[in-house]
Amino acid sequence: MTRAKARMHESRSMEHGEGPATVLAIGTANPSDAIVPQDEFADQFFRVTKSEHLTYLKEKLKRICQKTGIEKRHFHMTEDILRAHPEFLDRELPSLDARIDIVATEVPKLAASAAAKAIAEWGRPATDITHLVFSTYSGCRAPSADLQLASLLGLRHSVCRTILSLHGCYGGARALHLAKDLAENNRGARVLVACSEITLVCFGGPDGGNLVGHALFGDGAGAVIVGAGPFAAGERPLFEMVSATQTTIPGTEHALGMQVTGGGIDFHLAIQVPMLLGHSVERCLLDAFASSAAAVGDDDAGDVAWNDLFWAVHPGGRPILDKIEAVLKLEPGKLAASRHVLREYGNMSGATIVFVLDELRRRRREEEADRDDDHQLPEWGAMLAFGPGITIETMVLHIPQANEANYK
């Protein structure tokens, strides 16, 4: 029996990946149907919703837009769609079925655009993908977008699929957390993480209570290939995913959330969210880095100065980034990648963190090309994303030193 147990444990250990899961490739995509400059959004929004008589709300939205730090956003929604579906303007009219009919096709299609870029960068055929994790709030139907994406990409019929629904802004980080676990516990696994969001399911006329959401959210998709060693020839680890934690702030269930209704998906964002995150974010980081120290067997790995890290923070909104920067006493520029993504795309919910990772990767390549031998770039980093709950996803990232050439 003892020998049998030993053989069983040895067999199971060989089923696991070697070392931490890593990000192997990244792809992003946005719809090209409509690109709206932020300084024109309020005028256009009130015109297409036939609400120009609500002058007070229009001026209020203009003021909100000016403070967001956003310059433009991408949308699938067009005036042609609104003309065909006037019920989208009135939350009292049933419109959920019509919205779902549109996004059921467009969400996986947008995800496929991002995934195709990630697969091309990865350099292996799509049929080598063993697992698919798809996160979206923009769908309420089964079979879901994950199955349609698998078909669009030509994945194997045996691919293991998981759909994450209504996780909102932390959906991308939750999907990456799950992908890490899958890659490390299934030898040879290559996990495609896909996040795709189209705000059409939430669109409605101005109601005075959701103007912040109208000013923040845009459409986009992100895809990441995740795998642990052993690595095949040509695979280039970009970020090691050393440890990951999830924390829910007690008593905050009503501060941030979404609700599916007959008139679409309603979402709410309390003004206290940046403050609540500020009270909890450092504790989450300390816990995550303590876990990373245990994971790498190095007590010093858990003893970090926040300004010695690189940062991938979900840009839920400018006040959230400002609060995190202030609480952690971060130097100017530490959240530059997050602020850039917010400025160029707005908040694309769960897909946004993939854009931030892509921007971090791009900036690191530029810094590597320009730096001298005396200037060392941060080797360790932290990823943060927040969503309904309030839930905080935290991940410790590490740049594989043997693969610094990947950033050149």
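Listed residues Ala232, Ala221; which is closer than 21 Å to Val354 by Cα and hydrophobic (A, V, I, L, M, F, W, C)?
Selected residue: Ala221, the only one of Ala232, Ala221 that is closer than 21 Å to Val354 by Cα and hydrophobic (A, V, I, L, M, F, W, C).
If a residue has to be at pLDDT below 95 and among the polar types (S, T, N, Q) to count, how many in the range 53-77 make the cut?
Qualifying residue count, the range 53-77: 1.
For the list (1) open to solvent by less than 10 Å² (accessible area, probe 1.4 Å); (2) at positive phi, I need the number of the one condition that Ala194 fails.
That leaves (2) as the condition not met.
Going through the range 156-177 one residue at a time, which ones are part of a loop (DSSP other than H, G, I, E, B), touching a helix residue (DSSP H, G or I) at 6+ places or on another chain (Cβ under 7 Å) and surrounded by fewer than 24 Cβ atoms within 10 Å (Cβ to Cβ)?
Within the range 156-177, Arg156, Val159 meet the criteria.
Take Gly251 and tell me if it is among the small types (Gly, Ala, Ser), open to solvent by 10 Å² or more (accessible area, probe 1.4 Å) and within 30 Å of Pro125 (Cα to Cα). It would help to see each step written out before you state the result.
Details: among the small types (Gly, Ala, Ser): yes; open to solvent by 10 Å² or more (accessible area, probe 1.4 Å): yes; within 30 Å of Pro125 (Cα to Cα): no.
No.
In this structure, is Leu147 in a helix (DSSP H, G or I), touching a Lys or Arg at 6+ places or on another chain (Cβ under 7 Å) and crowded, with 24+ Cβ neighbours inside 10 Å?
For Leu147, the condition - in a helix (DSSP H, G or I), touching a Lys or Arg at 6+ places or on another chain (Cβ under 7 Å) and crowded, with 24+ Cβ neighbours inside 10 Å - is not met.
Considering only residues that are assigned to a strand (DSSP E or B) and farther than 15 Å from Asp287 by Cβ, which ones fall in the range 379-398? Give the steps one after another, and end with the answer.
Taking the range 379-398 as the starting set, the residues that turn out to be assigned to a strand (DSSP E or B) are 380-387, 391-398.
Passing the criteria: Trp380, Gly381, Ala385, Phe386, Gly387, Leu397, His398.
Inside the range 98-111, can you point out the residues that are of a type in the set (Lys, Arg) and open to solvent by less than 70 Å² (accessible area, probe 1.4 Å)?
Passing the criteria: only Arg99.
Of the residues Ala183, Ala244, Ala232, which single one is of a type in the set (Gly, Ala, Ser) and open to solvent by less than 10 Å² (accessible area, probe 1.4 Å)?
Numbers: Ala244 fails: open to solvent by less than 10 Å² (accessible area, probe 1.4 Å); Ala232 fails: open to solvent by less than 10 Å² (accessible area, probe 1.4 Å).
On inspection, the qualifying residue turns out to be Ala183.
Residue under question is Ala223, and the condition is that it be part of a strand (DSSP E or B) and surrounded by 22 or more Cβ atoms within 10 Å (Cβ to Cβ); does it hold?
Working: part of a strand (DSSP E or B): yes; surrounded by 22 or more Cβ atoms within 10 Å (Cβ to Cβ): yes.
The answer is yes for Ala223.
Restricting attention to the range 199-212, does a residue exist that is under 19 Å from Gly350 (Cα atoms), under 17 Å from the mean Cα position of the chain (by Cα) and either of a type outside the set (Ser, Thr, Tyr) or surrounded by 20 or more Cβ atoms within 10 Å (Cβ to Cβ) (or both)?
yes
Okay, residues lined up against (1) modelled with pLDDT of 95 or more; (2) under 24 Å from the mean Cα position of the chain (by Cα); (3) among the β-branched types (Val, Ile, Thr); (4) buried (at least 24 other Cβ atoms within 10 Å of the Cβ):
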position: Glu79; (1), (2), (3), (4): no, no, no, no
position: Asp90; (1), (2), (3), (4): no, no, no, no
position: Leu96; (1), (2), (3), (4): no, no, no, no
position: Gly123; (1), (2), (3), (4): yes, yes, no, no
position: Cys140; (1), (2), (3), (4): no, yes, no, no
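Mind counting the residues in the range 1-44 that are modelled with pLDDT of 85 or more, of a type in the set (Gly, Ala, Ser) and assigned to a helix (DSSP H, G or I)?
1
Cβ contacts < 8 Å: first residue without any contact (Cβ under 8 Å) to a residue 12 or more places away in the chain, restricted to the range 320-339; second residue in a loop (DSSP other than H, G, I, E, B) and open to solvent by 20 Å² or more (accessible area, probe 1.4 Å), any location; separation 6+ or different chain. Result?
From the range 320-339, the pairs are Glu325/Lys334.
Picking from Glu325, Glu331, which residue would you name as being surrounded by fewer than 22 Cβ atoms within 10 Å (Cβ to Cβ), modelled with pLDDT of 95 or more and not in a helix (DSSP H, G or I)? So that I can check it myself, show each step before the final result.
Numbers: Glu325 fails: not in a helix (DSSP H, G or I).
None of the other options fit; the residue is Glu331.
Please name all residue pairs, on different chains or six or more residues apart, with Cβ atoms under 6 Å, provided the first residue is in the range 39-64 and is free of Cβ contacts under 8 Å to residues at least 12 places away in the same chain and the second residue is surrounded by 13 or more Cβ atoms within 10 Å (Cβ to Cβ) and assigned to a helix (DSSP H, G or I).
Glu52/Phe46
Conditions tested, residue by residue: (1) touching a strand residue (DSSP E or B) at 6+ places or on another chain (Cβ under 6 Å); (2) at pLDDT below 90.
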{"site": "Leu342", "(1), (2)": "no, no"}
{"site": "Ser349", "(1), (2)": "yes, no"}
{"site": "Leu360", "(1), (2)": "yes, no"}
{"site": "Glu368", "(1), (2)": "no, yes"}
{"site": "Pro378", "(1), (2)": "yes, no"}
{"site": "Ile390", "(1), (2)": "yes, no"}
{"site": "Leu397", "(1), (2)": "yes, no"}
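The values are calculated or read from the model by the stated rules, or taken from the named source; none is laboratory data. Bear in mind that the values here come from a model prediction, so they are computed numbers and not experimental data. Every residue, glycine among them, receives a Cβ derived from its backbone with ideal geometry; neighbour counts consider all protein chains shown. SASA here: full protein model, heavy atoms, side chains in, ligands and nucleic acids out. Shrake-Rupley method; radii C 1.70, N 1.55, O 1.52, S 1.80 Å.
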